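Q: Just dropping this structure here.
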Amino acid sequence: MTSSDATALPDDAKARAAGRVGNSLDPGALPGPSDRPVRIGFACGEFNGGITDRMLTGALDELEAAGCDMASVVVAWVAGAFELPLVARSMAASGQVDAVVALGAVIRGDTGHYDFVAGECASGLQRVQLDTGLPVIFGVLTTDTVDQALVRSLPDETNKGAEAARTAIDTVAVLRGIEGLGGTGRVGFAAGRS
């Protein structure tokens, strides 16, 4: 994941770090969702809902490809991005999900509405994540144009909904790996010291 080739994580970065530390938790080396089910909740905004639908489809495809139990997935719809933090908080507090993915699209218009909605949505979701200790993934597009939102929700490897679902799975895996560090030795390391 990167915004340009110049900012991409070098191929050997994780191995180099793992070689220098006691434990290195890499989601790719940790047990996957088929080993211990990952329950994902989606909070989805209806405003610009065609974009949200495209991202949700990409996200659900990603969960299926990763071997997640789709019967445990929860999808909740709300009016728009401003309402996403409240629903995310409810899901996180329910004990029924291991991570929440917020999906929506805020597209800049001719008024200041964009600035208030996008910023408050982002800070609200971050607050939920920090207050509950449960991953809350920001899958809300904040674009200048509809065309930009359409590009970021294409049914391919660039779909930001799929990326958000993968981020949720990986973050849950890392948190579970951290829990497993409690004196049991090395958990989910890719390379490093023995």
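The values are calculated or read from the model by the stated rules, or taken from the named source; none is laboratory data. On a predicted model such as this, the values are computed, not experimentally measured, just so you know. Here Cβ is always computed from backbone atoms with ideal geometry, including for glycine, and neighbour counts include all displayed protein chains.
Q: Report whether or not G58 is over 18 Å from V128 (Cβ atoms) and either surrounded by 14 or more Cβ atoms within 10 Å (Cβ to Cβ) or hydroxyl-bearing (S, T, Y) (or both). Lay out the reasoning, then the answer.
A: Values: over 18 Å from V128 (Cβ atoms): yes; either surrounded by 14 or more Cβ atoms within 10 Å (Cβ to Cβ) or hydroxyl-bearing (S, T, Y) (or both): yes.
Against the criterion (over 18 Å from V128 (Cβ atoms) and either surrounded by 14 or more Cβ atoms within 10 Å (Cβ to Cβ) or hydroxyl-bearing (S, T, Y) (or both)), G58 qualifies.
Q: In addition: Given the criteria surrounded by 15 or more Cβ atoms within 10 Å (Cβ to Cβ), closer than 20 Å to V136 by Cα and of a type in the set (V, I, T), does V87 qualify? Reasoning before the result, please.
A: Details: surrounded by 15 or more Cβ atoms within 10 Å (Cβ to Cβ): yes; closer than 20 Å to V136 by Cα: yes; of a type in the set (V, I, T): yes.
Yes.
Q: Scan A65, A102 and give me the residue that is closer than 21 Å to S153 by Cα, of a type in the set (G, A, S), loosely packed, with under 15 Cβ neighbours inside 10 Å and under 16 Å from the mean Cα position of the chain (by Cα).
A: From the options A65, A102, the qualifying one is A65.
Q: Okay, next question. Please determine whether any residue of region 159-171 is in a loop (DSSP other than H, G, I, E, B) and either touching a Ser or Thr at 6+ places or on another chain (Cβ under 7 Å) or modelled with pLDDT of 95 or more (or both).
A: Within region 159-171, one or more residues are in a loop (DSSP other than H, G, I, E, B) and either touching a Ser or Thr at 6+ places or on another chain (Cβ under 7 Å) or modelled with pLDDT of 95 or more (or both).
Q: Only one residue in D156, D131 is over 14 Å from the mean Cα position of the chain (by Cα), in a helix (DSSP H, G or I), at pLDDT 95 or above and surrounded by fewer than 16 Cβ atoms within 10 Å (Cβ to Cβ). Which one?
A: Sole residue among the options that is over 14 Å from the mean Cα position of the chain (by Cα), in a helix (DSSP H, G or I), at pLDDT 95 or above and surrounded by fewer than 16 Cβ atoms within 10 Å (Cβ to Cβ): D131.
Q: Another question about this same structure. Is one or more of the residues making up region 68-86 under 18 Å from A168 (Cβ atoms), acidic (D, E) and under 13 Å from the mean Cα position of the chain (by Cα)?
A: Looking for residues that are under 18 Å from A168 (Cβ atoms), acidic (D, E) and under 13 Å from the mean Cα position of the chain (by Cα), one finds none in region 68-86, hence no.
Q: Here is a further query. Within region 28-60, which residues are more than 16 Å from T167 (Cβ to Cβ), at pLDDT below 95 and not in a helix (DSSP H, G or I)?
A: Correct list: P31, S34, D35, R36, P37.
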